[in-house]
């Protein structure tokens, strides 16, 4: 019988759950109903939870509150895809419920589950039942009236309630029922919970399968003469009601006394990381904004002298401490960050003035941290961010909320929307005027694409087999066949209207020069009054990106 869970046990429960989810990420990926090759739920959730595991590894914590706060920050920064962002909100909810808590009791565990599901629901603009949100809510509801003080028994009942809810998800979402599967995000959540329960019941962590194991990088000896600021100071500021907190002012102050400054704003906390020669001054400034938690001060010169090859990383944060500072870019009024892949696509974005390009897209969803790192490099009055994929928008928005800079996320769902938005930019207009103009441009352009099916399925009467060629309009499958160019023409025909004046194609790495010439000739002949442009995009997975205006 276990009436409480201490910080050591709580940390190991999370790590066991992380391993269990990672071991089954392919299973979760296969539950995705839509056949388009995508970032995949299991992969995104696994990458997100592994960011938490890396942060917690090799560090001892005094309280469950400390474990939760570090796990929350790591998951927020490591979140990939919509499923990863939602998962990070669970940890954010746990941290909220565990404020100033040393050990977890049944009552506190109830608060954790309730807080987690509430944070997850709030993160989604239009919550849909039959998803991970439903599973989380019904898991809490299933144990909200639990009586007893055995935390292990409580968690067992919670897992039973969650799995029962998971099995009901096909009744709430017709697409799941048609495919004969349960919700992939809900399955990922329950794998995490089951792994945590396993440790609590058996006192052993579920080991990571060898093929899924995380490669631990080795650290090299660092030349201490290159270290300008010797102390790495890291901590959380808990916001207080009676103290007016201004993280932007704190950031400016810290930039005057150190480098590698990172000030991340959250609803309850401000995460601070800075290299300086005056850690005491850093803490004194921080105390003006709230109470300090989880303070870590490392002498980097001392660490460097004792670091040798073969030493494992102690945590993700300590790894970051040893990175050399990156010079800040010259100031500009506006700067742009976009997600893209393919040499031609990247080159075009560069020509449109984008200075920050994050490699990613389908099957390569960048994390919140990827956006934050790119944001930190830029020195601009306003930074516009273009995710260019519906599964990346939430990570970009989360990064904008955590940054102290002025960020505007244009919720582009495709490469062609991103291009249209950038072409609408006018340096003579204000940030708000440009935002409005970009959103109008996104709404006006029609997006299409041609790709292949990643799995067998049936969607809205279309029988689709693995490797079939599919044509999509605004993300919805409209044509299926075996010839990429014929499917491309079919899709374009469905996109045209009386006002169409221009068709643009971006060819992927799976399209030869001869095929590109063939489609250009066919479209020019078929639509003599419409301008046809064909550009080498070089993107992976998609034969064509299509823009109709």
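Assorted remarks:
- Among (1) outside any loop (DSSP other than H, G, I, E, B); (2) in the same structural domain as residue 540 (by TED's automatic domain parsing) - the single one residue 418 does not satisfy: (2)
- Answer from 28, 9 - the residue that is surrounded by fewer than 23 Cβ atoms within 10 Å (Cβ to Cβ), in a helix (DSSP H, G or I) and modelled with pLDDT of 90 or more: 9
- In region 485-504, the residues that are assigned to a helix (DSSP H, G or I), in contact (Cβ under 8 Å) with a residue 40 or more places away in the chain and touching a helix residue (DSSP H, G or I) at 6+ places or on another chain (Cβ under 8 Å): 488, 492
- Qualifying position, being at pLDDT below 90 and either within 29 Å of residue 106 (Cα to Cα) or surrounded by 21 or more Cβ atoms within 10 Å (Cβ to Cβ) (or both), among 1, 45: 1
- Considering region 421-430, the residues that are touching a residue at least 40 places away in the same chain (Cβ under 8 Å) and surrounded by 15 or more Cβ atoms within 10 Å (Cβ to Cβ) include one that is nearest to residue 390 (Cα to Cα), namely 422.
- For residue 311, the conditions (1) out of contact with any strand residue (DSSP E or B) (no Cβ under 9 Å at 6 or more places or on another chain); (2) outside any loop (DSSP other than H, G, I, E, B); (3) at pLDDT below 80; (4) loosely packed, with under 15 Cβ neighbours inside 10 Å all hold with the exception of (2).
- Members of region 198-220 found to be surrounded by 20 or more Cβ atoms within 10 Å (Cβ to Cβ) and either out of contact with any strand residue (DSSP E or B) (no Cβ under 8 Å at 6 or more places or on another chain) or modelled with pLDDT under 95 (or both), listed by number: 199, 206
- Residues that are surrounded by fewer than 16 Cβ atoms within 10 Å (Cβ to Cβ) and more than 30 Å from residue 335 (Cβ to Cβ) within region 431-475 comprise 456, 458, 460, 461, 462, 463, 465, 466, 467, listed in sequence order.
- Residues (part of a helix (DSSP H, G or I) and more than 20 Å from residue 137 (Cβ to Cβ)) located in region 147-173: 151, 152, 153
- For region 91-114, the candidate set comprises residues that are in contact (Cβ under 8 Å) with a residue 40 or more places away in the chain and crowded, with 24+ Cβ neighbours inside 10 Å; within that set, the residue that is farthest from the chain's Cα centre (by Cα) is 104.
- Looking only at region 398-415, and only at residues there that are free of Cβ contacts under 8 Å to residues at least 40 places away in the same chain and assigned to a helix (DSSP H, G or I), the one that is surrounded by the most Cβ atoms within 10 Å (Cβ to Cβ): 399
- Within region 118-131, residues that are in contact (Cβ under 8 Å) with a residue 24 or more places away in the chain sit with their Cβ atoms under 6 Å from residues that are surrounded by 13 or more Cβ atoms within 10 Å (Cβ to Cβ) and assigned to a loop (DSSP other than H, G, I, E, B), at 6+ positions apart or across chains, in these pairs: 130/173; 131/183.
- For region 436-458, the set of residues classified as in contact (Cβ under 8 Å) with a residue 40 or more places away in the chain and in a helix (DSSP H, G or I) consists of 438, 444, listed by residue number.
The values are calculated or read from the model by the stated rules, or taken from the named source; none is laboratory data. Every value quoted in this text rests on a predicted model; they were computed, and no experiment measured them. Please note: Cβ atoms are built from the backbone with ideal geometry, for glycine as well, and neighbour counts cover all protein chains shown.
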